[in-house]
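See below for the structure under consideration.
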Amino acid sequence: MSRPDAAPILEPEELAELLRRRDDGSSVALANGCFDLLHLGHLRFLEAAAAEADLLVVGVNADATVTALKGPGRPVLPADERARLLAALRMVDFVTVFAEPTADRLIELLQPDVHCKGTDYAAGTPEQATARRLGVRLALVGGPKIRNTRDILASIRERRSP
């Protein structure tokens, strides 16, 4: 599958159908997250995830899910903007936005070869049981966590405080 200038942003079901129809033998990695305020830690994670397969699919948590996971005031950027930013990255082949609190349903729908999570999930991932049941390899990628949006926002607040 050849990639246009920006990766397509598709509904999960539409993406699942497209991936089912491919006949080039390419492998698929799925990475997911909030990706609120894209930063170097995200970039390292996505670069490492892309190295795990021929195609990289990025699942972006919907706004309501980000609020539930991260608290009031989040996300900073709405899902459509976060998806467009990710789609512009050269290592990303497809982007989808999903509403569930975990990527279990996305794994079920897309049937990737590998599900990539950040190294901060070393003790286990929320989707581990689903991946194991479906025979999807789990890869912890991206190196040590060096940045997070919460700390970036706190730093901005500190600088603005008198």
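The numbers here are math on the coordinates, done by the rules we state, and not lab data. Please read these numbers as outputs of a predicted model, since none were measured by experiment. Neighbour counts are summed over all protein chains in view; Cβ atoms, including those assigned to glycine, are modelled from backbone coordinates with ideal geometry.
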FRET efficiency, GLU11 to HIS39 (Cβ-Cβ, R0 30 Å, nearest 0.05)
0.65
Paramagnetic label zone (point 7 Å from Cα along Cα-to-C-beta, SER26; backbone N under 12 Å) in the stretch 64-102:
91-95
Need one word for the stretch 2-71: rounded, prolate or oblate. Basis is the Cα gyration tensor (sqrt eigenvalues a ≥ b ≥ c); a/c below 1.5 gives rounded, then a/b vs b/c decides.
oblate
Inter-label distance for ALA122 and LEU69, nm, one decimal - labels placed 7 Å from Cα along Cα-to-Cβ:
2.1
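What number, in percent, do you get for the relative contact order of the chain if the mean sequence gap of Cα pairs under 8 Å and at least 6 apart is divided by its residue count?
Values: 273 pairs, mean separation 47.0, N = 162.
This gives 29 percent for the chain.
Restricting to the stretch 21-117, compute how many DSSP beta bridges are antiparallel as a %, nearest 5. Intermediate results must be reported in sequence, preceding the final value.
Working: 0 of 14 bridges.
Here the antiparallel bridges make up roughly 0 percent for the stretch 21-117.
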Relative contact order for the stretch 79-131, counting Cα pairs under 8 Å that sit 6 or more residues apart, in percent:
30
Taking 0.36 nm per intervening residue step and subtracting the Cα-Cα distance, what contour gain separates LEU140 from ARG159 on full extension?
3.5 nm
How many nm separate the modelled label positions at ASP80 and GLN111, each set 7 Å beyond the Cα in the direction of the Cβ?
3.2
Per 0.36 nm of contour for each residue apart, how much would the distance between THR102 and ALA88 grow if the chain were fully extended, relative to their Cα-Cα spacing?
2.6 nm
Based solely on its DSSP helices, what 222 nm [θ] is calculated for the chain when runs of n ≥ 4 H residues each add -39,500 (n - 2.57) and the sum is averaged over all residues, nearest 500 deg cm²/dmol?
-11000 deg cm²/dmol
The stretch 21-91 and the stretch 122-148: distance between their alpha carbon centers, rounded to Å
14
The base-10 log of I(q)/I(0) that the Debye equation returns for the chain at q = 0.16, 0.17, 0.19 Å⁻¹, one scatterer per C-alpha, is -0.88, -1.00, -1.26
